Structure formats: structure tokens, C-alpha cells
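The values are calculated or read from the model by the stated rules, or taken from the named source; none is laboratory data. Here the structure is a predicted model, which means the values were calculated and not measured. Note that each Cβ is placed from the backbone with ideal geometry, even for glycine, and that neighbours are counted across all protein chains shown. SASA here: full protein model, heavy atoms, side chains in, ligands and nucleic acids out. Shrake-Rupley method; radii C 1.70, N 1.55, O 1.52, S 1.80 Å.
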Amino acid sequence: MRDPASFSPPSGAVLERFARIVGAQHVLTDAEAMAPYLREWRDRYVGRAAAVLRPGSEEEVAALLKVAHEADVAIVPQGGNTGLVGGQIPYESGAEVVLSLSRLNRVLDIDLDNDTMTLQAGVILADAQTAAKEASRLFPLSLAAEGSCQIGGNLATNAGGLNVIAYGTARAQCLALRAVLADGSVVGSLNGLRKDNTGYDLRDVLIGSEGTLGVITAAVMRLFPAVTDRAVAFAGMESPAEAVSLLTFFRERLQCGVLTAFELMSHLGLSFAVKHLGLRAPLAAPTPWYVLVELSGHGAAGAVMAEMERILGDAFEAGLIEDAALAQNEGQAEAFWRLREGMSEAQKYEGGSIKNDIAVPVSRIAEFIETANARVQALVPGARPVPFGHLGDGNLHYNISQPPDMSREAFLSRWDAVVEAVNEVVLALGGSISAEHGIGRMKRQWLARIKSPAEIALMRQLKQAFDPKGILNPGKLLP
Ligand SMILES: Cc1cc2nc3c(=O)[nH]c(=O)nc-3n(C[C@H](O)[C@H](O)[C@H](O)COP(=O)(O)OP(=O)(O)OC[C@H]3O[C@@H](n4cnc5c(N)ncnc54)[C@H](O)[C@@H]3O)c2cc1C
């Protein structure tokens, strides 16, 4: 694949052509103005760019890419800049140009009969949720970065988040999209069809392509009935195996409502959140593991609460859980969720943390935790794994806090070895080394190891077909 270092910065004449398309005020070249686009939020990746382009329409995106293609300029598409694997940040050469979609931020249509919403790519996820709510519908895609991330970025990374167990990832929620290819040609439609078997589905190729095949400009997303009834509970158990059994228990017994969250936490993670974030543990006595369960309903208030009580009562009788607390009001429900959402933040106060975003089949979660913990201990005695996350999707944030008596630097210097060991366990269990965040720049070297030579060859042929000069997001995703 083309090396990002093989590009030269655009000439002054090319920058002028860009300015004629979007207006000079939307071609940023000043270091201060470009700075927010060049730094990832964790500061793990900090790049340089020749310019940041801010088009205001699909036509402008197409015209910019046509010029970039002719002039051999590398383009890095960027949405809300919340990606965690460096895909939206240019390399350090300063030759690349960032293409920000932020100005394509209009909700184009809400079609209640079709149960769909048509959004430009730069619509912020939280704004899309609000637009759906105002139309008495639910747009269920939800993640902690929703105040900044954009629909185009969500689709380019096939974002997951909190409600995947009920509504699927961004891919499952997208019916149609439009995108501009590297040479400026526009593909796709905004037809919003649920059935359309007319050949290869380019939508599904573009979703999850991390800005390497095309620039997504708009999409039709599915809507769902608004949630009118909700129950949130916090249950404690002895082991991850029991947490998995509880999930099956819920699935087998649920008669009304939808299981919209099933999130695992360890007691260590909970104790960090209590200690550092001033939050309260919901259960009187600690248990080694906890699950946050959420049921949502679309009918009269109270029905899913009764359902929650019934199923948790049966689970207690069956010896699956030690104890459970049911949120009695919205405030308590939010307090339970703050514990789950504070898992990552609380770990910051415990020193260095090595992070893994992995998935295994739900039935192998317990085996994964046990085996990965043992491998990590063997490598770094005293390291403290704090797994948490979307148990219902088989997706864990397998974070490891440093041993208390080790220096942060010494622990973080073991990052590659620890990730290697964890990934070996993941792969042995038939899992994925990137469940949510994608490949970007961070996990590129792993792709060649996890895909077969035939798959890598096919991916490279796809890239060649979509972007023959390799100008779109060079040095990302493909090894
Ligand atoms: C606090 C926090 C919590 C998070 N939680 C989750 C989570 O629960 N689940 C999850 O899946 N992710 C999560 N993320 C990661 C991130 O929010 C998602 O990957 C999100 O979908 C990225 O959207 P964005 O608009 O910020 O994209 P960016 O970060 O700007 O870009 C991400 C990638 O998409 C490409 N891209 C962006 N826009 C376009 C476009 N219009 N066309 C083509 N390519 C494009 C970029 O080139 C880059 O490769 C989290 C991040 C943070 C900071």
C-alpha cells in the first residue's frame, strides 16, 4: 500500500484551487487553527498537515477530491476526531490534508412512515438522537463520545456502544449511504430501502472502511419506537461464568420489553470508581463481579420493572446472583450508569493502564478472562486486570492497571508484550482484537496476522479499485 511519506505537500496553486471551491476561510493553514484537528484526544497521535479543508456540501467534497486526485494530494477524512486508533490524524510529514466533515451537519429528513432519518455525515451523534426524540422516535446508537462524534465517523468505524445487544452496530442501523470516491465520483443513494438485492452492496464495503475507500457524505439511518418505560438493575455474582448464565437466563425468560444493556464490571473496577469518583456501591455487601442490566419498553410505565423483579428473583432462587439492587427512579438509574461509565476514568488514578478492545463469543467470556489474567500475571506479576464492558456483545474493554509498586513508565514499557499475550488468547478463542475501535494506525501490523493472505490480497484489490492512486487515508488500516 502507498507509503504516506511518498506524498508531497500541495502547491500554492492547488491550495488556491481548494479555496475557490470552499471559500478561503474554509482552507485552514494557520498552525493554531489547525491544531484541534491534528491531535487525538488521548494525545496518543499528534500529526501535522499542509491544510484542513472544511467543505459545506457533498458537491464541494466531490470537487475537492477531484483536485486532490489530479494533484496527487493525500486526504485524511475526519469527523468528530474521537477515534481511538489514530485513523483520523495525519502522519508527521506535514504533506497530508485533513478533510473535515463538520460543516455537513444538517438533518435532511425524518420519514415517520419509513421509520428513517436522513443525516449529513457531519451531524453530531447526540444531535441525531435529539432530532429522533423530537419526532417521538428512538435513534439508539449511543456511546460515551456522542457529544462530539459524527454519523460519518460512526459509519466509517462501524461504531458499537451501549445498545448493540438490542439494536446492532452502526452497520445494522444504516439503510443507505452516499460517498465520494478518491477521484471525486459520487456513489450510493439515500433511498432508505429495507430490501434491495441489486448486486454488490457498496454500502457495506464503505461501512467500517475508516476513510480509506471513500468519504461518506450522508446516510439513511433506521428509527425505532421511543422508550417509554425503563428498568435498570445492578446485580452481584461470584464469577463471569455466572454473569453469562444470567444473560442466558434473561434471554430465555424475557416476556415483555427489550434487553438494552448487559454490562459487566469487576469488584476491583467498582472499588476504583467508589474511591476516586466519589460514587456509591449499590449493593450492601461486595461480590467479585457485577452486571448492570437495563430493560426498555414501549408501553405503560412499570411493566419492565415488574419483569426485571421477576427475572432477578428467579435468578436469585437459582443461585445465579448473590444480591441485586433495582433503581427506583431516574436518579438511581443514572447513578448505576455513572459507575459503569466511570470505569475507564477511575482507572486513571491508579497509574498506567494498558487497554485492549476485544471480542470473543459470549460463551467464551469467562474462559477469556481467566486465561488472559493468567498470561498477564505471568508477564507482569502484580498487574491488575480490570475487565469491563458489553458482556451481551461479547465485547470487553480488557484494561490492565499497573502493579501499585511499579513505576508507570516501567509498566507501560511492557505495552506491546502484554497486548501480544492478550491478543493471542483472543485469537485462540476465535475472537477479534478490535471489537469497536477499528484498526486505524494502531493495529495495522495485526491485520496481516489475523487475516489470511487471500483476504489481505482481496482487501488490497478493493483499495486499488476504489482509490487507484492511494490518496485516501494512506498508512491506515491496510498493512
Ligand atoms: C470517550 C470515548 C468513548 C468511546 N466509546 C466508544 C464506544 O462505546 N463504541 C465505539 O464503537 N467507539 C467508541 N469510541 C470511539 C469513537 O468515538 C468512535 O470510533 C466514533 O465512531 C468515531 O467517530 P468520529 O466522528 O469521531 O470519527 P473520527 O475520529 O473523526 O474518525 C474515525 C475514522 O473514521 C474516518 N472518518 C470519519 N468521518 C468520515 C467520513 N465522513 N467518511 C469517511 N471516513 C470518515 C476517519 O478517517 C477515521 O479513520 C469512543 C471514543 C471516546 C473518546
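Against the condition within 25 Å of Phe234 (Cβ to Cβ), free of Cβ contacts under 8 Å to residues at least 40 places away in the same chain and either surrounded by 18 or more Cβ atoms within 10 Å (Cβ to Cβ) or not assigned by TED's automatic domain parsing to the domain that holds Phe272 (or both), how does Asn329 come out, does it pass? For Asn329, the condition - within 25 Å of Phe234 (Cβ to Cβ), free of Cβ contacts under 8 Å to residues at least 40 places away in the same chain and either surrounded by 18 or more Cβ atoms within 10 Å (Cβ to Cβ) or not assigned by TED's automatic domain parsing to the domain that holds Phe272 (or both) - is not met.
Select from the stretch 122-155 the residues that are within 12 Å of the ligand (Cβ to nearest atom), open to solvent by 50 Å² or more (accessible area, probe 1.4 Å) and of a type in the set (Ser, Thr, Tyr) and list them in ascending order. If the condition is that a residue be within 12 Å of the ligand (Cβ to nearest atom), open to solvent by 50 Å² or more (accessible area, probe 1.4 Å) and of a type in the set (Ser, Thr, Tyr), then Ser148 is the only one that fits.
How many residues does the stretch 288-304 hold that are closer than 26 Å to Ser245 by Cβ and open to solvent by 10 Å² or more (accessible area, probe 1.4 Å)? Please lay out each step first, then the result.
Narrowing the stretch 288-304 to residues closer than 26 Å to Ser245 by Cβ: 288-297, 303-304.
Those still in the list that are open to solvent by 10 Å² or more (accessible area, probe 1.4 Å) too: 288-289, 294, 303.
So the answer is 4.
Out of the residues in the stretch 417-448 that are part of a helix (DSSP H, G or I) and modelled with pLDDT under 95, which is nearest to the ligand (Cβ to nearest atom)? Talk me through it step by step, then tell me what you get.
Taking the stretch 417-448 and keeping what is part of a helix (DSSP H, G or I), we get 417-428, 444-448.
Still in the list and also modelled with pLDDT under 95: 444-448.
Working: Arg444: 12, Gln445: 17, Trp446: 16, Leu447: 14, Ala448: 19 Å.
Applying the filter and picking the extreme gives Arg444.
Please go through the stretch 211-222 and give me each residue that is among the hydrophobic types (A, V, I, L, M, F, W, C) and out of contact with any Phe, Trp or Tyr (no Cβ under 6 Å at 6 or more places or on another chain), ordered by number. The answer is Val215, Ile216, Ala218, Ala219, Val220, Met221.
The rows are residues; the columns are (1) buried (at least 17 other Cβ atoms within 10 Å of the Cβ); (2) assigned to a helix (DSSP H, G or I); (3) of a type in the set (Lys, Arg).
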{"site": "Arg310", "(1), (2), (3)": "no, yes, yes"}
{"site": "Phe316", "(1), (2), (3)": "no, yes, no"}
{"site": "Ala324", "(1), (2), (3)": "yes, no, no"}
{"site": "Ala372", "(1), (2), (3)": "yes, yes, no"}
{"site": "His397", "(1), (2), (3)": "yes, no, no"}
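Within the set Thr248, Thr260, the sole residue that is on the phi < 0 side of the Ramachandran plot, of a type in the set (S, T, N, Q), open to solvent by 40 Å² or more (accessible area, probe 1.4 Å) and outside any loop (DSSP other than H, G, I, E, B) turns out to be Thr248.
Criterion first (more than 30 Å from Ala68 (Cβ to Cβ) and near the ligand (Cβ under 9 Å from one of its atoms)) does Gly160 satisfy it? Against the criterion (more than 30 Å from Ala68 (Cβ to Cβ) and near the ligand (Cβ under 9 Å from one of its atoms)), Gly160 qualifies.
Within the stretch 332-364, track down each residue that is aromatic (Phe, Trp, Tyr) and surrounded by 18 or more Cβ atoms within 10 Å (Cβ to Cβ). Walk me through it before giving the result.
From the stretch 332-364, those aromatic (Phe, Trp, Tyr) are 336-337, 349; that's our starting set.
Of everything in the stretch 332-364, those that are aromatic (Phe, Trp, Tyr) and surrounded by 18 or more Cβ atoms within 10 Å (Cβ to Cβ) turn out to be Phe336, Trp337.
For the stretch 430-458, a residue qualifies if it is under 24 Å from Val98 (Cβ atoms) and of a type in the set (A, V, I, L, M, F, W, C), and the qualifying residues are Ile439, Met442, Leu447.
Quick check on this structure: which one of Leu213, Leu206, Leu190 is within 16 Å of the ligand (Cβ to nearest atom), modelled with pLDDT of 95 or more and more than 21 Å from the chain's Cα centre (by Cα)? Let's see the steps before the verdict.
Values: Leu213 fails: more than 21 Å from the chain's Cα centre (by Cα); Leu206 fails: more than 21 Å from the chain's Cα centre (by Cα).
Only one candidate qualifies: Leu190.
The number of residues in the stretch 36-68 that are in contact with a Gly (Cβ under 6 Å, 6 or more places away or on another chain) and outside any loop (DSSP other than H, G, I, E, B) comes to 3.
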